[in-house]
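Q: There's a structure below that I have some questions on.
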Amino acid sequence: MRARVVYASKSRVKQESITYEDLAGPAWKGRICIRDGQNAYNTALFAHVIARLGTEKAEGWLKGVKANLAKKPSGGDRDVAKDIASGQCDIGLANTYYFGLMSKGGSDQKAWADSVKIILPTFTDGGTHVNVSGFAMAKHAPNRANAQKLAEWLVSDAAQALYARQNYEHPVRSGIPLDPLVSGFGELKPDSTPLTEIAKNRKAASDLVDKIGFNAGPGS
Amino acid sequence: MTTTVPRSSTGTGRGILARMTYWDRTALAVAAFVVLPLVAIVGFAATAADGGLLAYPARQVLASSAGETLVLATGVLVLALVIGVCSGWLIATYRFPGRDILAWALILPFAIPTYIAAYAYVDMMDYFGPVQSAYRALMGYQMRREYTFPEMRSPGGAIVVTALVLYPYIYIASRAAFTLQGANLMDAARNLGCSRMEALRRVVLPVVAPMLVAGATLVLLETLNDIGASQYLGVNTLTVAIYTTWLGKGNLAGAAQIALTVLAAVVGLLWLERSLRNNPRFTLGSRNYRPVTPPDLTGWRGMGALALVTLPVVLGFVMPVATLIRAGWRQFLIDGIEREMLQALGNTVMVASLATVAILMLATLLAFARRFTKLAQTRAAVRISGIGYAVPGTVLVIGLLPALGQFDRLLNDGMIAMGWTRIGLVLSGSIIAIVVAYTIRFLAIGLDQVDTGLSSLSRNTDFAAFTLGCPEHRLASHILAPALRPVLAGAAVLIFVDCLKELPATLLLRPLNFETLATQLYGHAARGGFEDGAMAALLIVAAGLLPLILMNRMMERR
């Protein structure tokens with residue numbers, strides 16, 4: 001599991017908790033950075049917002065986030081940390097494991113990671129949005145038995161420990177030790193909305209990004 | 001084998017099919033192979049449900065991405081013209097210190113694909129990059145908010161980055177034009193009492209302009225083709241819209257409609273190019289050409305000219321390459337040479353080699369067809385076969401992949417019907433798809449080279465061979481083809497390197513777990529770690545230098 005969380009400036013953001021809904025509020029005007037709204041991680045989050053708030057409120061929310069942007073959406077998740085480190089924005093949305101990868105990366109990237117802290121956001125009365133590495137088998141797959149074995153191995157303790165250790169992800173099973181860096185974020189409570197509900201809204205989310213002109217950035 | 005129809009029999013009463021030789025049939029088949037995927041796009045576009053692009057919000061996507069594309073293309077063209085014409089003019093009409101080296105160095109940015117230029121420029125110019133860090137240190141700033149600094153991730157940034165690596169198209173054309181026509185016209189105009197600037201504006205530029213049309217068209221086509229730079233710099237062009245509409249929204253029909261729009265724009269552009277090139281307002285007989293020793297620029301004028309023409313080389317080549325070397329070296333110190341990069345290198349060489357061989361074979365066949373045919377239709381077919389160079393890779397894939405998929409489905413259904421096992425996605429799920437795409441995209445390069453080479457071989461050879469009873473295919477295989485060898489070698493380098501740099505089509509067509517240098521670099525950049533691909537980028541640029549060396553030799557021979 002890869003949680004989509006808030007990266008916040010250590011020096012300029014004092015609070016330690018936040019909701020996804022808060023991001024559209026006036027307190028963050030001109031302070032948010034995010035990558036391209038059509039990126040799969042973002043459309044997934046926006047689809048989740050639609051699933052929880054309904055289409056109409058979700059549109060208002062996304063408009064609010066857009067109005068709060070510090071710059072036109074661009075770059076990748078690491079650029080969010082970079083832009084916070086450079087002072088272009090104070091908070092941003094990104095996946096947890098990038099933080100781990102940057103912390104263990106070259107000196108530049110480590111400096112970006114060092115300037116931010118991770119806040120695990122939640123929905124009001126809900127949990128955190130997570131992306132999963134899923135496994136799907138084609139209906140007519142010729143090697144069913146082997147595929148089944150692979151699927152079972154992927155959710156085994158050994159494989160899940162690899163995800164936790166190598167890529168700083170949250171294992172899908174309990175009882176697997178987290179990387180110390182990741183456990184430092186606090187306890188992750190994935191939101192209970194079924195993934196199928198979120199997936200259903202994916203196209204709607206992508207259309208919403210186009211409709212409100214999210215990628216055109218603030219003030220457009 | 002079909003026998004050759006006697007060359008004298010062009011009786012009007014006979015059907016065209018009867019008059020076709022195997023050359024004609026080959027040319028028509030190749031043209032069909034190239035055009036089919038483009039026609040397929042029309043088919044897929046027509047399958048759009050719910051009103052397609054005319055429905056909201058797709059209409060809005062099309063409008064906004066068309067707008068961003070127009071701004072980008074216009075900006076790139078204007079900037080490339082300014083850089084290309086100025087440097088071409090200075091190099092062609094004056095002599096100053098360093099001129100001979102710069103005449104060559106000005107084409108170096110060609111070696112850098114647009115996406116690599118974008119990665120390098122963001123790395124170089126962002127907050128933590130050397131340029132902005134130095135600026136902060138110099139001015140005593142701490143935070144990004146305290147000062148304004150050009151943002152590379154913007155339409156303006158994309159225009160500058162793209163123009164800096166595409167201006168050589170204009171430079172080469174303008175240098176040739178000014179060398180041929182500049183001095184004579186300039187002399188004439190000044191004799192008639194014009195000042196230097198006036199002569200340039202009223203006489204030389206109007207004559208030279210039509211000669212720049214082809215270069216300008218190439219600049220625009222390359223800009224349309226780009227996906228890596230636009231996406232990275234946050235410019236939502238039509239190419240990017242095709243990509244997100246298809247992959248992000250799973251809407252092939254919508255993507256096909258955008259692709260069709262791009263295709264229409266490309267056809268319009270080519271038509272415009274032809275009509276501009278075919279109606280030059282002035283012509284100057286080549287017999288009037290008089291080589292003139294260019295006047296010397298000395299002192300501060302010479303230094304000024306040197307500085308002006310050095311700038312594009314520094315910005316378009318030296319600085320990006322220095323950035324790549326710095327990032328690549330740091331990467332090397334951390335990871336050494338990674339196995340995945342070597343694997344991508346192997347993959348790249350494999351697909352590029354296969355495509356190069358395929359293109360050279362088809363191009364040679366087409367060039368022979370053009371030489372031997374009596375039919376206007378065949379000459380048209382040969383011309384159409386080269387259309388792929390104008391079609392953006394993303395657009396091509398939209399037609400190609402579903403077409404190959406259909407073929408695979410029929411094949412598998414057929415195999416099952418025959419009682420055999422299915423053999424899987426032979427074309428659409430393998431590297432064959434990439435090879436086919438490269439072949440269509442870059443056939444024009446091979447065709448252009450081979451055709452030029454072939455027309456330099458005298459027709460008298462053909463007539464002599466025919467008189468001695470040698471049939472066309474023997475003439476082709478035993479006499480003309482061997483003479484073409486050096487041309488084929490040169491063409492192979494040009495094609496190979498273009499395949500090696502190709503990103504948009506490869507990105508969409510590569511099978512699972514198959515990366516080329518370009519797609520691997522793209523992946524690293526998309527994950528925000530362009531440095532991890534810096535060595536791959538350096539390899540691409542180094543390979544990109546090879547055709548420049550060749551081109552330079554060809555230009556000097558002229």
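The values are calculated or read from the model by the stated rules, or taken from the named source; none is laboratory data. Keep in mind the model is a prediction, meaning the values are calculated, not measured. Cβ atoms come from the backbone with ideal geometry, glycine included; neighbour counts cover every protein chain shown.
Q: Is it the case that B:VAL213 is more than 14 Å from chain A (Cβ to nearest Cβ), under 30 Å from B:VAL391 (Cα atoms), surrounded by 16 or more Cβ atoms within 10 Å (Cβ to Cβ) and touching a Lys or Arg at 6+ places or on another chain (Cβ under 6 Å)? Show your work before the answer.
A: Working: more than 14 Å from chain A (Cβ to nearest Cβ): yes; under 30 Å from B:VAL391 (Cα atoms): yes; surrounded by 16 or more Cβ atoms within 10 Å (Cβ to Cβ): yes; touching a Lys or Arg at 6+ places or on another chain (Cβ under 6 Å): yes.
In short, yes.
Q: Still on this structure: With respect to B:ALA134, determine if the residue is surrounded by fewer than 14 Cβ atoms within 10 Å (Cβ to Cβ) and at pLDDT 90 or above.
A: Details: surrounded by fewer than 14 Cβ atoms within 10 Å (Cβ to Cβ): yes; at pLDDT 90 or above: yes.
Judged against the criteria, B:ALA134 is a match.
Q: Another question about this same structure. Quick test of your reading of the structure: A:ALA44 fulfils all but one of (1) of a type in the set (A, V, I, L, M); (2) within 14 Å of another protein chain (Cβ to nearest Cβ); (3) crowded, with 24+ Cβ neighbours inside 10 Å. Name the failing condition by number.
A: (3)
Q: Where residues in the stretch A:99-124 are of a type in the set (S, T, N, Q) and within 13 Å of another protein chain (Cβ to nearest Cβ), which of them is surrounded by the fewest Cβ atoms within 10 Å (Cβ to Cβ)?
A: This residue is A:SER107.
Q: Just give me the residues in the stretch A:144-174 being exposed (fewer than 11 other Cβ atoms within 10 Å of the Cβ) and part of a loop (DSSP other than H, G, I, E, B), in sequence order.
A: The one that is exposed (fewer than 11 other Cβ atoms within 10 Å of the Cβ) and part of a loop (DSSP other than H, G, I, E, B): A:SER174.
Q: Given the options A:LYS71, A:LYS57, A:LYS29, A:LYS66, name the one that is within 11 Å of chain B (Cβ to nearest Cβ) and of a type outside the set (A, V, I, L, M). Can you show your working first?
A: Working: A:LYS57 fails: within 11 Å of chain B (Cβ to nearest Cβ); A:LYS29 fails: within 11 Å of chain B (Cβ to nearest Cβ); A:LYS66 fails: within 11 Å of chain B (Cβ to nearest Cβ).
So the residue among A:LYS71, A:LYS57, A:LYS29, A:LYS66 that is within 11 Å of chain B (Cβ to nearest Cβ) and of a type outside the set (A, V, I, L, M) is A:LYS71.
Q: Another question, then. Take the residues in the stretch B:503-558 that are in a helix (DSSP H, G or I) and of a type in the set (Val, Ile, Thr); name whichever of them is nearest to A:MET102 (Cα to Cα).
A: Start the filter on the stretch B:503-558 by keeping residues that are in a helix (DSSP H, G or I), which leaves B:504-509, B:517-526, B:530-557.
Within this subset, residues satisfying the condition of being of a type in the set (Val, Ile, Thr) are B:506, B:519, B:540-541, B:549.
Working: B:THR506: 29, B:THR519: 22, B:ILE540: 26, B:VAL541: 27, B:ILE549: 40 Å.
Top of the filtered list is B:THR519.
Q: Where in the stretch B:29-139 are there helices (runs of 4 or more DSSP H), lying wholly inside it, with at least 2 residues that are under 30 Å from A:SER107 (Cα atoms) and under 29 Å from the mean Cα position of the chain (by Cα)?
A: On the way: elements: B:58-93, B:99-105, B:114-125, B:130-139.
Answer list for the stretch B:29-139: B:114-125.
Q: Restricting the search to the stretch A:86-98, which residues are crowded, with 24+ Cβ neighbours inside 10 Å and assigned to a helix (DSSP H, G or I)?
A: Matches in the stretch A:86-98: A:THR96, A:TYR98.
Q: Pick out, from the stretch B:165-247, the helices (runs of 4 or more DSSP H) lying fully within it that include 1 or more residues that are under 23 Å from B:VAL309 (Cα atoms). First the steps, then the outcome.
A: Working: elements: B:168-177, B:183-191, B:196-199, B:205-208, B:213-225, B:228-232, B:238-243.
Because the criterion is at least 1 residues that are under 23 Å from B:VAL309 (Cα atoms), the helices (runs of 4 or more DSSP H) in the stretch B:165-247 that meet it are B:168-177, B:183-191, B:196-199, B:205-208, B:213-225.
Q: Within the stretch B:496-512, identify whether any single residue is within 14 Å of chain A (Cβ to nearest Cβ), farther than 15 Å from B:THR114 by Cα, over 20 Å from the mean Cα position of the chain (by Cα) and at pLDDT 85 or above, and answer yes or no.
A: yes
Q: In contact with a Pro (Cβ under 9 Å, 6 or more places away or on another chain) and in contact (Cβ under 8 Å) with a residue 40 or more places away in the chain, is that true of B:PHE317?
A: yes
Q: Mind checking which pairs have a first residue in the stretch A:202-220 that is more than 17 Å from A:CYS33 (Cβ to Cβ) and in contact (Cβ under 8 Å) with a residue 40 or more places away in the chain and a second that is assigned to a helix (DSSP H, G or I) and of a type in the set (Lys, Arg), Cβ under 9 Å, 6 or more apart or different chains?
A: Taking only residues 6 or more apart or on different chains, the pairs are A:ILE212/A:LYS63; A:ILE212/A:LYS66; A:GLY213/A:LYS66.
Q: OK, next. State the number of residues belonging to the stretch A:184-220 that are within 11 Å of chain B (Cβ to nearest Cβ), out of contact with any helix residue (DSSP H, G or I) (no Cβ under 6 Å at 6 or more places or on another chain) and not aliphatic (A, V, I, L, M).
A: Final tally of qualifying residues: 7.
Q: Looking at the stretch B:129-183 only, could you name the residues that are among the charged types (D, E, K, R) and touching a residue at least 24 places away in the same chain (Cβ under 8 Å)?
A: Answer for the stretch B:129-183, where residues must be among the charged types (D, E, K, R) and touching a residue at least 24 places away in the same chain (Cβ under 8 Å): B:ARG153, B:ARG175.
Q: Moving to a separate point now. Based on this model, can you work out whether B:PHE463 counts as among the aromatic types (Phe, Trp, Tyr) and surrounded by fewer than 21 Cβ atoms within 10 Å (Cβ to Cβ)? I'd like the intermediate steps shown before the answer.
A: On the way: among the aromatic types (Phe, Trp, Tyr): yes; surrounded by fewer than 21 Cβ atoms within 10 Å (Cβ to Cβ): yes.
Answer is yes for this residue.
Q: In the list B:LEU468, B:LEU447, B:LEU443, which residue meets the criterion of being among the aliphatic types (A, V, I, L, M) and over 27 Å from B:GLU222 (Cβ atoms)?
A: Values: B:LEU447 fails: over 27 Å from B:GLU222 (Cβ atoms); B:LEU443 fails: over 27 Å from B:GLU222 (Cβ atoms).
Of B:LEU468, B:LEU447, B:LEU443, the one residue that is among the aliphatic types (A, V, I, L, M) and over 27 Å from B:GLU222 (Cβ atoms) is B:LEU468.
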